[in-house]
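Asks: Got a structure for you, questions after.
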Amino acid sequence: MKNALDNDAQALYDGFKKDGFILPEVNVDPNLVLEFLVPLVEPLRTDTFKYSREWLRDQSARVGDPRNPTAKIGFQLNLPAEYVLIHRVTMGTTGIFCQLEAEGRWLDEAIIWLPEITPASLTR
């Protein structure tokens with residue numbers, strides 16, 4: 001998450017390789033991996049963010065369009081078994097936030113629970 005917030009595509013890619021999200025035999029463009037993850041970090045990149053059904057539709061269309069090079073990355077990533085439950089909870093929560101049109105300072109909240117993701121721009 002921190003690497004994505006810092007826009008450090010190479011560090012994100014290296015971490016994904018190390019943690020098994022990208023299998024050893026798979027090589028993908030680190031910038032496309034970062035672009036693929038935009039929906040997960042977009043709410044954390046602004047002072048406030050408002051979830052909406054339209055935003056979720058747009059993100060779903062973006063990663064589901066086979067003509068989009070970013071969408072193809074989803075087929076090349078691997079979700080290690082120990083992350084399946086976390087992924088399901090994150091996606092379910094995102095859907096609920098969109099239905100509720102929840103708005104907040106999501107980075108501030110995330111840093112309370114995960115201080116290690118604090119972007120470099122906030123630690124200087």
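The values are calculated or read from the model by the stated rules, or taken from the named source; none is laboratory data. Owing to the predicted nature of the structure, the values given are computational and were not obtained by experimental measurement. Counting neighbours? That spans all protein chains shown, and the Cβs are built from the backbone with ideal geometry, glycine included.
Asks: Looking at the range 40-59, which of its residues are under 16 Å from THR90 (Cβ atoms), touching a residue at least 40 places away in the same chain (Cβ under 8 Å) and under 12 Å from the mean Cα position of the chain (by Cα)?
Replies: If we filter the range 40-59 for residues that are under 16 Å from THR90 (Cβ atoms), which is where we start, we get 40-44, 49, 51, 55-56, 59.
Filter again for touching a residue at least 40 places away in the same chain (Cβ under 8 Å), leaving 40-41, 43-44, 49, 51, 55-56.
Hits for the range 40-59 are LEU40, VAL41, PRO43, LEU44.
Asks: For the range 61-75, how many residues meet the condition of being of a type in the set (A, V, I, L, M, F, W, C) and surrounded by fewer than 11 Cβ atoms within 10 Å (Cβ to Cβ)? Give the steps one after another, and end with the answer.
Replies: Applying the first criterion (of a type in the set (A, V, I, L, M, F, W, C)) to the range 61-75 yields 61, 63, 71, 73, 75.
Of the ones still in play, those that are also surrounded by fewer than 11 Cβ atoms within 10 Å (Cβ to Cβ) are 75.
Final tally of qualifying residues: 1.
Asks: Out of all the residues in the range 1-30, which are without any contact (Cβ under 8 Å) to a residue 24 or more places away in the chain, in a helix (DSSP H, G or I) and out of contact with any helix residue (DSSP H, G or I) (no Cβ under 7 Å at 6 or more places or on another chain)?
Replies: ASP14, LYS17, LYS18
Asks: Across the range 12-34, which residue is nearest to PRO80 (Cα to Cα) among those that are of a type outside the set (A, V, I, L, M, F, W, C) and surrounded by 18 or more Cβ atoms within 10 Å (Cβ to Cβ)?
Replies: To start, the set of residues in the range 12-34 that are of a type outside the set (A, V, I, L, M, F, W, C) comprises 13-15, 17-20, 24-25, 27, 29-31.
Next cut, surrounded by 18 or more Cβ atoms within 10 Å (Cβ to Cβ) only: 13, 30.
Numbers: TYR13: 15, PRO30: 19 Å.
Restricting to residues being of a type outside the set (A, V, I, L, M, F, W, C) and surrounded by 18 or more Cβ atoms within 10 Å (Cβ to Cβ), the top hit is TYR13.
Asks: Of all residues being of a type outside the set (A, V, I, L, M, F, W, C) and within 14 Å of the chain's Cα centre (by Cα) in the range 66-77, which is modelled with the lowest pLDDT? Just the residue, please.
Replies: Checking each candidate, the answer is THR70.
Asks: Of all the helices (runs of 4 or more DSSP H) wholly in the range 80-124, which have at least 1 residues that are hydroxyl-bearing (Ser, Thr, Tyr) and either surrounded by 13 or more Cβ atoms within 10 Å (Cβ to Cβ) or at pLDDT below 95 (or both)?
Replies: Counting at least 1 such residues, we get 84-100, 120-123.
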